Amino acid sequence: MSIETISLSGRKKMVSNKEMTFLERLYLVAIVKGLFITLKHLFRKKITIHYPEQVREMSPVYRGQHQLKRDEQGRENCTACGLCALSCPAEAITMKAAERKADEKHLYREEKYASIYEINMLRCIFCGLCEEACPKDAIYLTTSKVLVPSSYEREDFIFGKDRLVMPLDVAIKNAQLNNAN
């Protein structure tokens, strides 16, 4: 058995260099096939929606903008373990850990916290792996339909803790809802 006849995948095809016929050189058959596809799509039902009046329903697994959670006392959940940054396939998350001072007990839950936590939204692919990797349930992707506001500057797409940390009033409302349930 020669090496030319071996095919590991079973999909080997022999390619020939035969001369094209006159009709094939005119490309009339290819043009007619393309026009047939165009006419076929012309009479199909359109899937366009009229946005302000009609709103497309979101998928149940939709992932929106990132947010860093707070606990019921308003302290940040993030302990700067770095698992979210390690699990990010786009390498969009950067963080720097710091030690909590004695007068900052009301701000952070653990001894270690993320002094710098940034997500580059130009690199983020909204896969949700950061949310799954976090052992403290500190980061999650919201169901907000607003993802990233448009801008002309690259610096506007790097979200720091000022844009990522959950507002205090929302954290208190969430704690009240959890206690009520």
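Taking amide hydrogens as placed 1.01 Å from N in the peptide plane, the amide H of Val165 sits under 5 Å from those of Leu68, each at least 5 positions away in sequence or on another chain. Can you compute the label reach from Ala97? Point 7 Å from Cα along the Cβ direction, backbone N cut-off under 15 Å, restricted to segment 110-138. Residues passing the 15 Å test: 110-117, 134-136. Mind telling me which of Ile47, Ile93, Ile119 comes out most flexible in a GNM of the chain, alpha-carbon contacts under 10 Å? Taking springs between Cα atoms under 10 Å, the residue moving most is Ile47. Taking the C-alpha atoms only, the angle from helix 28-42 to the longest principal axis of the chain is near 40 degrees.
Estimated from helices alone, the mean residue ellipticity of the chain at 222 nm is -7000 deg cm²/dmol (sum of -39500 (n - 2.57) over DSSP H runs with n ≥ 4, per residue).
Simple spin-label estimate for Val32 and Ile49 gives 4.1 nm between the two label positions (7 Å along the Cα-to-Cβ direction from each Cα).
In a reduced charge model with +1 at each Lys and Arg Cβ and -1 at each Asp and Glu Cβ, segment 58-181 shows a dipole moment near 140 debye about its Cα centre.
What the phi angles of segment 150-163 give under the Karplus curve with 6.51, -1.76 and 1.60, with θ = phi - 60°, is a coupling list of 6, 6, 9, 9, 5, 5, 6, 9, 9, 8, x, 5, 5, 9 Hz, glycine and proline written as x. For the cross-link pairs Lys136/Lys161; Lys96/Lys145; Lys96/Lys161, the ones whose C-alpha atoms lie over 22 Å apart are Lys96/Lys145.
None of the figures in this text is laboratory data; all of them are computed from the coordinates on show. Everything quoted here is computed from the prediction, not taken from an experiment. Don't worry about glycine lacking a Cβ; one is built from the backbone with ideal geometry, like all the others, and counts go over all protein chains shown.
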